[in-house]
Every structure is written in structure tokens, then in C-alpha cells.
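Input: a single structure, listed below in C-alpha cells.
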Amino acid sequence: MFRHLSAAAIGLCLLALPVHAQAQAASEAEARAHADKIITNSGGAAFFTNITDSDMPTVLHGPSGMVCEFPGADERDNIRLFQASGMDVGCSSWIGRTFVTIFATRYDEVYSAEEVMGAAIRAIQRSAPRAEPIDSTFEVRTLPGQKTPLVTVFELEIDGRPVRSLILVQHIGEWSFKVRATGPSGDDSVVELSSMAFAIALQGAGAGGARD
């Protein structure tokens, strides 16, 4: 079953969108404490490990190998478990004025990256019927050796506010990875920042067998 972060949920976060980017943790100890708190609040200690070794709060999702960074050390940062098995999870954080959620899912059935992207697009169109896809070339960041993920970018409104929203999808091994990100309307950095966060998250990702 496909799952997505709804436009309504994104809207609640955007209502609290900060005027300025939140400050990063002041020290490694503070960053580790922030990461510990996120893991504890999620109830996901069986699946997530605190791997913070700098002033960047960082956790590892063991089953998939996904790494989640929380650059702003923001109190709204969170981890969500969509299945008790830990095989469907999401990490949400703020990067400046962009709200980014990275999902790792091991589906019971095999879906292609295109099918997952299609489901995510339909979910946006259902919740925001006036969403307009942007037919343009965007700079999608990757790290050496990584494939470029699928990307779709929309301009839409949430609670009367114009925003830019995007979807990124990449499959590695038996795992499906996806980003939903939302930030200021017309801001190309939403794509750059979100795709860089995705690239970092996927450096060691994809435990399991092969998938097309």
C-alpha cells in the first residue's frame, strides 16, 4: 500500500514556517542529545541508531541503511514509523525554509520507481487539485556513483499560501526511497537542498536484493 505525507500535514508545518533558518546545534553533545530525543519520541529505538559525530544531529535507519540528518536541530524534527516492523519510516526536518521528509519503504509487493512516483503525484493532485506541475529543468544534486532520482515539482497552495512542492524517488535494492519537500513558491533552492539531503541519506542505503 502506498503512503504519503498529506498536503494537510505539510500545511500544518508550513503555518509554523520560521522567518529565518533555525540555528544548528551548538556542540556535538547538544546534537547527540537532539538526535536521542527524536529517536525516543518516535518509539523507533529498535530501528534507529544515533550516529552523531559532529554538531549535525544524525541517525541511521538500520534496516534500510538510510541516514537522516537534522540540520536545524529544530524542535519539530521527527521520525515516524508507519509500520511496527520498521519497514516503512520517514524522517522530517527543516532546511532553512524548506520542510523535507525522506521515506524508506520496503513494500510487500514490488513496485517500480515510476509507479511510486505516479502514486505520489496522484496523492498531491487529490489533496491540491489546482497543483501545477512545472515543466522545467532543475538541478538535482547527487553524490559520486549515485543515479539521478526521478523528480516532479509542483507549484500549489496550502491554506491559501503559494508553495513549491516536490517529489523525489529512488529505488536501491529492495527499498524504495522517496522525498516530499515543500518550501517557498518559486524558490529553486527547494530542489537543490532537498536533493542534497536525499543524496546524503542514500550514501549507504539499500540493504536487500536487487530491484530494477
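The values are calculated or read from the model by the stated rules, or taken from the named source; none is laboratory data. Keep in mind the model is a prediction, meaning the values are calculated, not measured. In this analysis, Cβ positions are derived from the backbone assuming ideal geometry, glycine residues included, and neighbour counts consider all displayed protein chains. Please note that ligands, DNA and RNA were not included when accessible areas were found on the heavy atoms of the full protein model with its side chains. Shrake-Rupley method; radii C 1.70, N 1.55, O 1.52, S 1.80 Å.
Extension gain, Glu157-Thr40: 0.36 nm per intervening residue step, less the Cα-Cα distance, totals 38.8 nm.
Heavy-atom accessible surface of region 139-179, averaged per residue, reaches 42 Å², computed with a 1.4 Å probe.
For the pair Ala84 and Glu132, label points projected 7 Å from Cα toward Cβ lie 4.7 nm apart.
Share of carbon and sulfur in the accessible area of the chain stands at 51%, probe radius 1.4 Å. When the alpha carbon gyration tensor of the chain is reduced to an equivalent ellipsoid, the three semi-axes, largest first, read 24, 22, 16 Å. Computed on the chain, with alpha-carbon pairs under 8 angstrom and 6+ residues apart, the relative contact order is 19 percent. When the helices of the chain are scored as -39500 (n - 2.57) per DSSP H run of n ≥ 4 and the total is divided over every residue, the value at 222 nm lands at -8000 deg cm²/dmol.
Region 62-89 and region 170-207 have their alpha-carbon centroids 13 Å apart. By the combined test of axial Cα extent (at least 15 Å) and Kyte-Doolittle hydropathy (mean at least -1.0), the qualifying DSSP H helices of the chain come to 28-42, 113-127, 189-201.
With r as the distance between the Cβ atoms of Glu114 and Asp53 and R0 = 45 Å, compute the FRET efficiency 1/(1 + (r/R0)^6) and round to 0.05. Computed FRET efficiency for Asp53 and Glu114: 0.75. Among Gly183, Gly62, Gly145, the largest mean-square fluctuation in a Gaussian network model of the chain (Cα springs under 10 Å) belongs to Gly145.
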